[in-house]
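Right, one structure below, let's go through it.
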Amino acid sequence: MSFLELIFAPVYYMEHGFSRPKGHGFTLVSILLRPQSRGSLKLRSRDPFEPPLIQPNYLDSPDDLQVLIEGIRLAHRVAAVNAFVPFRGEEQYPGAQSEEEAIRHGAETLYHPVGTCKMGNDQEAVVDSQLRVYGMQGLRVVDASIMPTIISGHTNAPTIMIAEKAADLIRGLPPLPAEAVAGEASQVEHCYRYERFVYHLTPTTCS
Ligand SMILES: Cc1cc2nc3c(=O)[nH]c(=O)nc-3n(C[C@H](O)[C@H](O)[C@H](O)COP(=O)(O)OP(=O)(O)OC[C@H]3O[C@@H](n4cnc5c(N)ncnc54)[C@H](O)[C@@H]3O)c2cc1C
């Protein structure tokens, strides 16, 4: 099942930050969580210094497109509420494009790739539950690549958590007692594809 995250930013989110219309603006960002599409990362050759072949396979699943279309509609509804009237100027993006067009040509990555070196005990797993690489001695992988499935939230904090845990594993420390971590954030979430709605702030707001 896919999920949607909607975030608000009092800045322009356009072309990875490289495009910036004049004046001030705000952006509603609709993010596809738990995408159904799966990409791949493969070796290009036996030369370890050659860059790998990365195929993200964005929007391979029609469900992913549909969730983002719903996201556009939801963001437009949010931007249309009265509370935004004093702030909302002209819509900059996606403008007159169809929803599908805007997504296919303009959706961007949120830079949260994971899972290319997954932890587990099946055929696809690269590391075990101690993060040790199967078939190798003295080698662990400790980063976002070991996540067995795509999470729903943003990946930075969970990656730090993986590193903290790995440090304990390497030092042979026992797991913390359950009560010591009770109440800590337990749900980590992931997202990697988003579409956005950019508005100029009205001149009165800018002054
Ligand atoms: C532009 C951008 C914005 C992001 N924003 C957010 C955000 O707002 N919130 C959030 O939660 N997540 C965010 N992320 C995602 C988050 O940064 C990553 O999920 C996280 O950093 C993954 O950690 P990692 O340790 O797996 O990989 P990395 O942080 O990429 O670390 C890999 C390290 O390995 C080093 N390295 C690479 N090759 C070699 C080599 N051959 N030898 C030695 N060292 C090497 C690199 O220099 C790097 O230090 C963002 C990512 C990007 C790119």
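Around the Cα centre of the chain, unit charges on the Cβ atoms of Lys, Arg, Asp and Glu (plus for the first two, minus for the last two) sum to a dipole of about 340 debye.
By the helix-only formula, in which each DSSP H run with n ≥ 4 contributes -39500 (n - 2.57) and the sum is divided by residues, the chain has a 222 nm mean residue ellipticity of -7000 deg cm²/dmol.
Basic side chains Lys and Arg get +1 at the Cβ, acidic Asp and Glu get -1 at the Cβ, and with that the dipole of the stretch 113-189 about its Cα centre reaches some 240 debye. Working ranking of peptides 163-171, 140-148 by packing, defined as the average number of other Cβ atoms within 10 Å per residue, highest first, is 140-148, 163-171. In a solvent-free Debye calculation with one equal scatterer on each Cα, what is log10 I(q)/I(0) for the stretch 1-120 at q = 0.15, 0.18, 0.20, 0.22 Å⁻¹, listed in the order of the q values? Evaluating at q = 0.15, 0.18, 0.20, 0.22 Å⁻¹ gives log10 I(q)/I(0) of -0.80, -1.04, -1.20, -1.36. Give, as ranges by residue number, the residues of the stretch 1-31 whose backbone N falls under 12 Å from the point 7 Å along Cα→Cβ of Q97. Answer for the stretch 1-31: 14-16. Taking the inverse of the mean reciprocal distance over all distinct Cα pairs, the Kirkwood hydrodynamic radius of the stretch 113-189 comes to 13.2 Å. Classification of the stretch 1-51 by its C-alpha gyration tensor yields an oblate form. The axis ratio a/c (a ≥ b ≥ c) is 1.5 or more, and b/c is at least a/b. Of the peptides 72-80, 30-38, 130-138, the ranking by mean beta-carbon count within 10 Å, highest at the top, reads 30-38, 72-80, 130-138.
Other residues whose C-beta falls under 13 angstrom from the C-beta of R171 contribute a net charge of 0, scoring Lys and Arg +1 and Asp and Glu -1. Place a point 7 Å from the Cα of F3 along the Cα-to-Cβ direction; which residues of the stretch 67-108 have their backbone N under 13 Å from it? No residue qualifies, since no backbone N sits under 13 Å from the label point.
Judged by the gyration tensor of its Cα atoms, with axes a ≥ b ≥ c, the stretch 64-171 is prolate; a/c meets the 1.5 cut and a/b is the larger of a/b and b/c.
Pull out a ≥ b ≥ c, the square roots of the eigenvalues of the alpha-carbon gyration tensor of the chain, then state rounded if a/c is under 1.5, prolate if not and a/b is larger than b/c, and oblate in the remaining case. Since a/c reaches 1.5 and a/b is larger than b/c, the shape of the chain is classed as prolate.
Here, each number is a calculation from the coordinates, and none is a lab measurement. Quick caveat: nothing in here was measured; it's all calculated off a predicted structure. FYI the Cβ positions are ideal-geometry reconstructions off the backbone, even for glycines, and counts take in every protein chain you see.
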